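What follows is a short report on a single structure.
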């Protein structure tokens, strides 16, 4: 049976995970706390698991890679779209610390409640999960980092308007993950990573 430490070692050895702050987050935030049945044998296997309502908790390698692309730091304000069971929200909350804040957004009402319950296991005061509306993100707010954990059909430009200058957006579009940086002049610098599969992003 694969253990929590086995999974962490796998992520480090495959270089999906290499930043010290992310390694510490994966060490301290237990994936088993974010699924319906933490006694199942494959909780630490490196593949997605169902969390109900047609949604999954993502493959650990994919989560690690996306967070490495995002480069979250202590004290940042982060938006986590498609928070699901709350695992990525909790990982990010651990990283940003007491001086930062993470807002998770989830469309499925039952998963909003599930995610909130899971966050409470860690007593985070710097994170929350909200019910998503029929638009992406939070209009009128600006974030240092935005993570999207479901695949859009087209690049969601409305999210780039919610990025601070110098901020980063990591978003799947179809079968690629786009790593977007907002430059000082407001232009977007994009890096595309091919070959991924996600549940669809629904917001209309």
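Values in this text are rule-based calculations from the coordinates and carry no lab data. Since this is a predicted model, take the numbers as computed values, not measurements. Here Cβ is always computed from backbone atoms with ideal geometry, including for glycine, and neighbour counts include all displayed protein chains.
Of the beta bridges in region 4-194, as assigned by DSSP with both residues counted there, near 45 percent are antiparallel. Using the Cβ-Cβ distance between residue 24 and residue 175 with R0 = 35 Å, the FRET efficiency computed as 1/(1 + (r/R0)^6) comes to roughly 0.70.
Computed over the chain, the P(r) tail beyond 31 angstrom holds 10 percent of alpha carbon pairs. Relative contact order of region 98-204: 22 percent, from C-alpha pairs under 8 Å at least 6 residues apart in sequence. In this label model, residue 32 and residue 3 are separated by 1.1 nm, measuring between points 7 Å along each Cα→Cβ vector. Normalised by the number of residues in the chain, the mean separation of alpha-carbon contacts (under 8 Å, six or more apart) gives a relative contact order of 16 percent.
For residue 130 and residue 193, the difference between the fully extended length at 0.36 nm per residue and the C-alpha to C-alpha distance is 19.8 nm.
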